[in-house]
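Scroll down for the structure; my scribbles are underneath it.
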Amino acid sequence: MARAPGGAPSSPGPMARLVGFELVRAVLPLRQPWVSGAGCFSERDSLLVRAMVRHEGRTGGWAEVDGWGECTALPEPTYSPEYTAGALEVSERYILPALLGAGTARAEDVAPVLSFLKGHRMVKAAFEAALLDARLRACGVRMADFLAGLSRRGQKAREAVTAGVSVGLARSPAELLEQVEQYTSEGYGRVKLKIMPGWDEEPVAAVRRRWPALVLFADANGAYADLPFTEASDRLSRLDGYGLACVEQPLGDDDMMGHAQLARRLATPICLDEALTSLGSVATAIKIGACSVVSVKAGRLGGFFEAVRVHDLCAELDVPVWCGGMVETGVGRAANVALAALPNFSLPGDLSASSRFFEKDVTGPLEVGHDGTIRVPPGPGSGVAVRDEALAAFSVWRRWWAAG
Ligand code: OSB
Ligand code: MG
């Protein structure tokens, strides 16, 4: 059996039993409404999965351990077809009967057991993450170390990840500059701007003029898909002089050929987000030249194991990756930090402090230090604790399913 750093088994042994799952629908108010081409919302309506596993204690006897995963689906199907209420429905109708029927406590079994179910990758990933977190907490291993041990790259996890912030669509360049000013003063050295036709060169130029050394990304969330190709290409090529690290998902989710054609006309590297839903789609996109940078989101890819495979493939092909965010609560953000600690996450991701979106979070806080990094939490699993009182305050619905 492969071993993760720290000597812990990289796959759960037979001495772990599934006790059950709890689904919690939590609604957290956002500090400011989130406005982008991938949806607008003023609260994060999120589905959280708690896995309870009974395992053999290190000193004998049995102990029960909780692990948590977050479904990154947005409240509405505006980024991908998944959405929170749909994820709940799919969980109750298909995922819970299948996983409870299989009776497995192994995170590695989630994808194979659920392979009959098409799509719904974000909610599948949440169940996988919950079981993985429970198991790693039981054996005292950090998720960052486990994932690095799983990777074929054979390198250790980093102890801190470079923070980055994604700024929503602003009402004016002045408002945008004010927001970026705030984030740079908090220590962020990487900013992702949302762009769309008519809100592209002006905001990018304004931010670049004021911060010549800032690592800048621009994310279109597919907003140029409805323009004739030459117009989209002409508009986007005007961004070439501003030293963007990449332009993310300019065209439609399924327009691989369009992105390949566009990549030949732009100096700015193209990164894909929505279009990449599996290892296979990442391999295709790179092969045909549709992107030269990859956004890794474990939810969008169907799980953390798939995300590590994408990381490894990209490392082998010399394609830089970065870790994307989905306005997650601390449950999802801590898992993202663990993933981003892998060595080929060479570009800074959407890894911001809990306080970027939330006044109060369901977990202890993740903070950006003066050096512009977020420390990988030292504790086992994802390293953050879910606070019962916060969960009680934010949950609007919860239900427990016991394993047979
Ligand atoms: O396209 O990267 C995106 C948020 C929700 C859905 C899609 C995206 C985003 C973001 C915010 O840009 C990322 C974050 O969590 O910081
Ligand atoms: Mg994006």
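Derivation of every value follows stated rules applied to the coordinates shown; laboratory data play no part. Keep in mind that what you see is a predicted model, and the values were worked out from it rather than measured. Because the Cβ atoms are built from the backbone with ideal geometry, glycine has one as well, and the counts that use them run over all protein chains shown.
All other residues whose Cβ lies under 14 angstrom from that of Ala290 are scored, Lys and Arg at +1 and Asp and Glu at -1, for a net of -3. The Glu64 and Tyr94 beta-carbon pair, evaluated with R₀ = 25 Å, returns a calculated FRET efficiency of approximately 0.45. Residue order for Thr72, Thr162, fewest other beta carbons within 10 angstrom first, comes to Thr162, Thr72. Region 276-311 to region 40-58: how many Å between their Cα centroids? Distance between centres, Cα-based: 24 Å. Here Trp397 and Glu159 are evaluated by their C-beta separation; at R0 = 41 Å the FRET efficiency comes out at 0.65.
Round to the nearest 10 and give me the degree value, 0 to 90, for the angle of helix 173-185's Cα axis relative to the longest principal axis of the chain. Helix 173-185 sits roughly 50 degrees off the main axis of the chain.
Between Glu201 and Asp234, with labels modelled 7 Å along Cα→Cβ, what's the label distance in nm to one decimal, could you check? In this crude spin-label approximation the distance works out to 1.1 nm.
Estimated from helices alone, the mean residue ellipticity of the chain at 222 nm is -9500 deg cm²/dmol (sum of -39500 (n - 2.57) over DSSP H runs with n ≥ 4, per residue).
Note on Lys156: lysines with a C-alpha under 24 Å away, same-chain residues under 8 apart excluded, are Lys297.
For Trp400, Trp68, Trp322, the sequence from fewest to most other C-beta atoms within 10 Å is Trp400, Trp322, Trp68. Annotation: the antiparallel percentage among DSSP beta bridges lying fully within the chain is about 70. Oblate is the label for region 146-375. Its Cα gyration tensor axes, ordered a ≥ b ≥ c, give a/c of at least 1.5 and b/c at or above a/b. With the simple model of a label 7 Å out from the Cα in the direction of the Cβ, Leu317 to Leu279 spans 1.3 nm. Taking the Cα centre of region 146-375 as reference, the dipole from Cβ charges on Lys and Arg (+1) and Asp and Glu (-1) amounts to some 580 debye. Among Gly69, Gly119, Gly198, the residue with the largest mean-square fluctuation in a Gaussian network model of the chain, with springs joining Cα atoms closer than 10 Å, is Gly198. Scanning the chain for cysteines with no neighbouring cysteine C-beta under 4.7 angstrom from their C-beta gives Cys40, Cys71, Cys139, Cys291, Cys314, Cys323.
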